[in-house]
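Everything on this sheet refers to the single structure shown next.
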Amino acid sequence: MFGVFCYYVMSVIKVQNISKHFGSLKAVDDLSFEVQAGQVFGFLGQNGSGKSTTIRMLLSLIHPTSGQIEIFGKRIEKDREAILEQVGAIIERPDLYPYLSAREHLELFAKVRKQKIGEADINATLEKVGLAHRAKDKVQTFSLGMKQRLGIGIALVHNPSLIILDEPTNGLDPQGIADIRQLIQYLAKEEGKTVLVSSHLLSEIEQVAHQILIIHQGKKMVEGVTKELLDPEKRIVQIKTTDDANALKVIAAGRFSNYLLPRGEGVYLKIPTREIPLLNESLVKADVALLGIETKNSLEDYFLQITSNA
Amino acid sequence: MWSLIKVELYKIFSRPRTYIAFGAIAALIVVIQLGLKIDGDSYASFLMKDINDTLTVDGKVLNGYLICYILLQLLLVHVPLLVALIAADMISGEANLGTLRLLFTTPYSRTRWVLAKFIAASIYTILLLIWLAFLALFVSMWIFGTDDLFLMKSNYVVLIEQNDVLWRYVGAFVFASFALLTVTSLGFLLSSLSSNSIGPIVGTMSAIVFFTILSTLNIPLFTIVKPYLFTTHMNNWKEFFDIQVNANNEAITGSILNIPKIKTSLVVLTLHIILFVSASILIIKKKDILS
């Protein structure tokens, strides 16, 4: 019983085998993951990989074809309103009302929250996203970066405990990107928020996220703790054989199975450097027709490899 | 719910587009009032040319009440087109802008948002009608004065005493609000089906034109469907100005000739509103928000 209680307290988001099909297109395919409380969770994938579709399902903007989503231990389709009370989100582009000012936007969205949000909260949010000096200006005069900041402000104005940011650095200049990175770190570290942040750039995610999930063509590719995934002691290797299916079978049955990385084509492992010769040896012993073992330098290489081969 | 309605009203009245309809109605009414003020006598003579030989009318025929009736006849056909500008943009405009997803990630159900949007669009419609009533009735009464209302129907004339007129206009405007709310709900339904504003606006206008033509055509095939078309009932505000007569053919003050017709029309229009809004809610609830 205690174990179950702890589980629900710790897992803010629990996604189980969700899929979304648009006709014959599988935008998200049997995806599962969990986000723990107080964590910055990096959701990584190429443009069109299914990140935004997944985020829209988390926010109940899109109905999943199958699977189950729990947020704060509650099912999104049953307790949508209670869940969204504690969630702030920006989704893809910062689309706003061009005829309203930054302050009017925050006031408007403060009105549709059940929490009491006063003038001081709105001013603090404007300060937090660096828009205090443009608070009265109409959004139609804003740059893309300023709109992005206001979008984040709308997501934060009601002080949610879960923040979902879909590509929050889109359109921002290097300083803006650094500011958002700092803000995400502040929200998680100082305010104890749980943040799910998506991007198509590993370099953006790796600096802020505790945990990383990479998806490609709607499928989970890699998930793990950022430090471990980026551990220079571990190398990503591609096993090249004439029979990948057999190689996978052999590795999956042996002691190297924990190092296997999911991949549609080819066999990839994230393995300590010292164990590469042992892997080689075991494959040879198992009569796998080995063509070679290619070492990738980093997670970035792996990410680029799986996304560029598509 | 009230906070959602306030948000929607704030957005409606923050947009310059909203005031086009108010401006257009004011411009049309002022032009017509000005024309009738300058050359009203010849217009009145033209109206009465067929009965001048058989009937002598004392008093001021071209008074504020008649001007309002003329204005309503002219404008209540066109006001629906102005209503469509806002109503048909309520959901599709937000989908096009990408802001629908901001609204639907707040802790309120889509049903509440759709209802709030419909109520806000309805308030806009009613305000437009009140503006029309103010300019067409009260400003006309102020400019042209008041007297008995003399109306030329297709094969008879109606004379309503001036103290029996004002409540009929109240009834006519209340009826007109149902007619315009039907247009609002139709625009709203089409808006829920689209991700851009132009389609639903043009669609609503086209539907009104199409069904109005069907309603006015006297072809037996269309006669079957006519009673069910909202456009057949939209102009029945005029029934408030048909009066009962006694055995001596004298008008009975405070009477309406065909109350059942008004009631039937109100029921048909209300059913249309319920049908269109319910369909909008169902569509939006099932819709994936992809914009």
**Request:** Would you grab the residues whose amide H sits under 5 Å from the one on A:M221? Only those 5+ places off in sequence or on another chain, please, with H modelled 1.01 Å from N.
**Result:** A:I214, A:I215, A:H216
**Fill in**
Sorted on mean Cβ neighbours within 10 Å (highest first), peptides B:266-272, B:238-244 come out as B:238-244, B:266-272
**Fill in**
Nearest 10, in degrees from 0 to 90: the angle of helix B:18-47 to the longest Cα principal axis of chain B is 10
**Item:** Crossing angle, helix B:64-75 versus chain B [Cα axis fit, 0-90 degrees, rounded to tens]
**Value:** 40
**Reach of B:K285 by Cα under 16 Å, taken over lysines that are not fewer than 8 positions away in the same chain** = A:K78, B:K117
**Asked** What is the mean number of Cβ atoms from other protein chains located within 10 Å of the Cβ atom of each residue in peptide B:97-104, rounded to a whole number?
**Response** 6
**Whole-Å distance, taken between Cα centres, linking region B:155-195 and region B:238-261** = 19
**Spacing of the two label points (7 Å from each Cα toward its C-beta) at B:W142 and A:K116, in nm** = 4.4
**Item:** Violating pairs (Cα-Cα greater than 28 angstrom) within the set A:K193/B:K11; A:K220/A:K249; A:K193/B:K286; A:K74/B:K6; B:K37/B:K226; B:K6/B:K287
**Value:** A:K193/B:K11; A:K193/B:K286; A:K74/B:K6; B:K37/B:K226
**Request:** Measure out, as a whole number of angstrom, how far apart the alpha-carbon centroids of region B:14-42 and region B:70-135 sit.
**Result:** 22
**Prompt:** In chain A, what % of DSSP beta bridges are antiparallel (nearest 5)?
**Reply:** 65
**Prompt:** According to a simple spin-label model (label point 7 Å from Cα along Cα-to-Cβ), what is the distance in nm between B:S45 and B:I20?
**Reply:** 4.1
**Message:** Using Stokes-Einstein with the Kirkwood hydrodynamic radius over Cα pairs, what translational diffusion coefficient do you get for region B:2-286 at 37 °C and a viscosity of 0.692 mPa s, in µm²/s rounded to a whole number?
**Reply:** 160
**Message:** Using a 10 Å cut-off around each Cβ of peptide B:105-113, what is the average number of partner chain Cβ atoms that fall inside?
**Reply:** 6
**Item:** Rounded tilt (10° steps) of B:198-216 against the dominant C-alpha axis of chain B
**Value:** 40
**Complete:** Taking the alpha-carbon centre of each part, the distance from region A:93-172 to region B:210-225 in Å is 52
**Charge dipole (region B:73-182, unit charges on Cβ, about Cα centre) - positive-most of B:L81, B:L100, B:S177** = B:L100
**Asked** About the Cα centre of chain A, what is the dipole size in debye to 20, counting +1 per Lys and Arg Cβ and -1 per Asp and Glu Cβ, all else neutral?
**Response** 500
**Request:** Return an integer: the convex hull volume of the alpha-carbon atoms of the protein assembly as shown, in Å³ per residue.
**Result:** 209
**Request:** Let me know the mean shielding of B:13-23 by other chains, meaning the per-residue number of their Cβ atoms within 10 Å of its Cβ.
**Result:** 1
**Peptides B:9-15, A:111-117 ordered by average Cβ neighbours within 10 Å, highest first** = B:9-15, A:111-117
**Message:** Compute, for the protein assembly as shown, the length of the dipole vector about the Cα centre, with Cβ point charges of +1 (Lys, Arg) and -1 (Asp, Glu) only. Units Debye, rounded to 20.
**Reply:** 860
**Item:** Peptides B:225-235, A:17-27 ordered by average Cβ neighbours within 10 Å, highest first
**Value:** B:225-235, A:17-27
**Cross-link partners of A:K138 among aspartates and glutamates (Cα-Cα below 16 Å; sequence separation of 8 or more within a chain)** = A:D95, A:E104, A:E107
**Item:** Total charge dipole magnitude, region B:2-286, about the Cα centre, Cβ charges on Lys, Arg, Asp, Glu only, Debye to nearest 20
**Value:** 1600
**Fill in**
Listed by chain and number, the aspartates and glutamates with an alpha carbon less than 16 angstrom from that of A:K219, same-chain partners under 8 positions apart left out, are A:D29, A:D30, A:E34, A:E265
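Quick note: the coordinates plus some simple rules give every number you see, no bench work behind them. Every value quoted in this text rests on a predicted model; they were computed, and no experiment measured them. Virtual Cβ from ideal backbone geometry, glycine too; neighbours counted across all protein chains shown.
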